[in-house]
1. Per 0.36 nm of contour for each residue apart, how much would the distance between residue 144 and residue 390 grow if the chain were fully extended, relative to their Cα-Cα spacing?
2. Take 432, 213, 412 and order them by how many other Cβ atoms sit within 10 Å, fewest up front.
3. As an exercise, use a Förster radius of 25 Å and the Cβ-Cβ distance of residue 367 and residue 314 to find the FRET efficiency, rounded to the nearest 0.05.
4. Starting from 0.36 nm per residue, how many nanometres of slack lie between residue 300 and residue 484 once their C-alpha separation is accounted for?
5. What is the order of 329, 415, fewest Cβ neighbours within 10 Å to most?
6. For a protection proxy built on the mean count of beta-carbon atoms within 10 angstrom, sort 249-255, 513-519 highest first, please.
7. Calculate, in nm to one decimal, what residue 93 and residue 250 gain on full extension: separation in residues at 0.36 nm each, minus their alpha carbon distance.
8. I want to check the label-to-label distance for residue 109 and residue 533. Put each point 7 Å from Cα in the C-beta direction and report it in nm to one decimal.
């Protein structure tokens, strides 16, 4: 793909034949992209060869009759509808990543290099986003291996929200003893002599609190870390995210994103939800906060997107797989009060329900609210629903709700198979079932603790159906086509954001958020989709990522 710099501003031309512009547009466009296959996600004009941009808007989408070979793939900017981006951005610089690492030995080498780079005494923290099945060794690290990899540094390796591995320096730095207790649900494993082994067991609140402590940084560091994280997302073609709130997201956690926004430093659009900060009295907490937060407060770069994903902690089923979720009358009453408040004031809501059991109990309450105040126009969402049933999805459809699904099964497919059996794991999550019932289904990652922030992994998993390690694999009839998968991260995701008239498709009049990919997504081998990168990412017609400029 050839490019010509037209002005000192971020404008480039991809050379080819003339492009017919919209009749309403009389002047030369700022930017023309040509010689490409443009996947528009616009049903009226699904593919084109060129497009023109003026300011932040697309002014024309058309063809190039003179082109025989297509040089690139243009797609709408990708939208992740469920990422813990605000939290992840602030700690990005302090973390060590095992994303894409194919052997445990390579992972240990990453720790060695980080220890050398950061210096003695600095924390080395791998905080989720990996699974032992991605390693050829197919196992967890041992404490001895972590001691050997970085004898002079505290090392913390967290596996999802299930357990963590600490070397001797980390145990010492945290002051862990046989009596140590973390937030409810977190505790150290002890050996036969009653001494800590270096392995910690816990849950979401416990590990959220611990990782926040380890990764604590000064405000200036959090700000720069956030810039780099969003730039990293731009390099993967992401231009928008819906931040899911979640554990540990108390009001001070939003200071950095507000500062970045006020400075005009954001390169990704963020629609953020707020979760209940602490268990108990959630309705009262939301009433206090929402008095200062009208629906859709903000602008095109940072916008308040309502409540989620944790509304009432005792109605939150974590990562429960299969049946067994039980809720109390008090918890259900609290959720009813929260949802009545949201509906009456016109707020969007995203509700966490990992299991169908939890989803069913939550929908009982949503239906009561809907009978009083119809919610269809608010586009409420249920997220996860790993084992959702046709009945559950039909109830959601009747109220105008949507379903946001993540690629958790890419890492956890074998875990699910171990609990529910291979046959069950091969049809989960039931994306095709939800789509066939007419639900709007949108994609996301749930990054960064339980999955990767790379949307190309999610796209490959939707199409190929393989979990890490190759099995289980979703049955063929439940796999999506490439266009269907891309719609989950573009057109459908924009609908969930309530911005489908501006984002998610490349059509005349839409905002020019787009990515030029380095490989042909629609035709390349499916097993290689995870390796796609963006060579050029535009946000509102402005370049936020240029691979050529970073080489």
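Bear in mind these aren't lab numbers, they're just calculated from the coordinates by the rules spelled out. Keep in mind the model is a prediction, meaning the values are calculated, not measured. Counting neighbours? That spans all protein chains shown, and the Cβs are built from the backbone with ideal geometry, glycine included.
1. 83.7 nm
2. In increasing order of surrounding Cβ atoms, one gets 213, 432, 412.
3. 0.80
4. 63.6 nm
5. Details: 329 7, 415 19.
Ordered by Cβ neighbours within 10 Å, fewest first: 329, 415.
6. So the peptides 249-255, 513-519, ranked by packing, come out 513-519, 249-255.
7. Values: separation 157, 0.36 × 157 = 56.52 nm, distance 2.09 nm.
Extending this stretch completely gives an extra 54.4 nm.
8. So the label points at residue 109 and residue 533 sit 1.8 nm apart.
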